Amino acid sequence: MENKEALIASIKQFLRDSGYMVAAPAVLRGESGVDHTFDLYAVGPDNFKILMETWVSLEMVDVDKVLSTYVKVLDVGPSKAFLAAIPGATFFAKELAHLYKIHLMEGVSTHEITSKFKEIVLTSSNGSSVLQ
C-alpha cells in the first residue's frame, strides 16, 4: 500500500518549487471559529490558497470522507480544494466531490496522484496556470 507521507512530501516539494509557502499538516481556523486540520495547506505569491486531504486505505473512499472534507473546506474557503483517494473512490463519492467542486484525485501510487495534482494545478479551467 502507498505511503501517505510520501505523497504529501511529493506534492509539498512541487508546490514549494512553484513558489508556494506550504504547511503539512496544517490547522486552520474557519469562519465558524472551529479549528480544522488538513493534510496540506499552501499559499501562493498571489494569495491563491490550496487545501488537500489524503485518504489511503484498502477500501474505496466513500461519501462520508467527501462530506467531511467539504464541511472543512466550506468553513475555511480555499481557492482550490483537493482530495487524494488511494486506491480510489466510490461512484457517489466522485459525484459528490464534483458537485462540491473538490478536485478528487484517484490512483494507486504516489506518482499517479502527484501527476494528477500537477495537471490540475498547472492548468485551471480557463487554460491558464494557477502558478503564475
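Before we move on, is Val66 touching a helix residue (DSSP H, G or I) at 6+ places or on another chain (Cβ under 6 Å), on the phi < 0 side of the Ramachandran plot and at pLDDT 95 or above? Please lay out each step first, then the result.
Working: touching a helix residue (DSSP H, G or I) at 6+ places or on another chain (Cβ under 6 Å): yes; on the phi < 0 side of the Ramachandran plot: yes; at pLDDT 95 or above: yes.
Spelling it out, Val66 is indeed touching a helix residue (DSSP H, G or I) at 6+ places or on another chain (Cβ under 6 Å), on the phi < 0 side of the Ramachandran plot and at pLDDT 95 or above.
So for the range 19-39 (the condition being touching a Gly at 6+ places or on another chain (Cβ under 8 Å), of a type in the set (Lys, Arg) and either surrounded by fewer than 17 Cβ atoms within 10 Å (Cβ to Cβ) or free of Cβ contacts under 8 Å to residues at least 24 places away in the same chain (or both)), does at least one residue qualify?
No, that holds for no residue.
For the range 40-62, what are the residues that are surrounded by fewer than 21 Cβ atoms within 10 Å (Cβ to Cβ) and β-branched (Val, Ile, Thr)?
Val43, Val56
Just checking, does the range 50-58 include any residue being polar (S, T, N, Q), part of a helix (DSSP H, G or I), closer than 22 Å to Glu5 by Cβ and in contact (Cβ under 8 Å) with a residue 12 or more places away in the chain? Show your work before the answer.
Pass one, the range 50-58, residues polar (S, T, N, Q): 54, 57.
Imposing the further condition that a residue be part of a helix (DSSP H, G or I) reduces the set to none.
There is no residue in the range 50-58 that is polar (S, T, N, Q), part of a helix (DSSP H, G or I), closer than 22 Å to Glu5 by Cβ and in contact (Cβ under 8 Å) with a residue 12 or more places away in the chain.
Quick one: how many residues across the range 23-49 are at pLDDT 95 or above, in a loop (DSSP other than H, G, I, E, B) and of a type in the set (Gly, Ala, Ser)?
Counting residues in the range 23-49 that are at pLDDT 95 or above, in a loop (DSSP other than H, G, I, E, B) and of a type in the set (Gly, Ala, Ser) gives 4.
Restricting attention to the range 63-95, which residues are among the aliphatic types (A, V, I, L, M), part of a helix (DSSP H, G or I) and buried (at least 18 other Cβ atoms within 10 Å of the Cβ)? Walk me through how you get there before you give the answer.
Of the residues in the range 63-95, the ones among the aliphatic types (A, V, I, L, M) are 63, 66-67, 71, 73-74, 76, 81, 83-86, 89, 93.
Next cut, part of a helix (DSSP H, G or I) only: 63, 66-67, 71, 73-74, 76, 93.
Val66, Val73, Val76, Ala93 - these are the residues of the range 63-95 that are among the aliphatic types (A, V, I, L, M), part of a helix (DSSP H, G or I) and buried (at least 18 other Cβ atoms within 10 Å of the Cβ).
The values are calculated or read from the model by the stated rules, or taken from the named source; none is laboratory data. For clarity, every value in this text was computed on a predicted model and none was experimentally measured. Ideal geometry is used to build each Cβ from the backbone, glycine not excepted, and the neighbour counts take in all protein chains shown.
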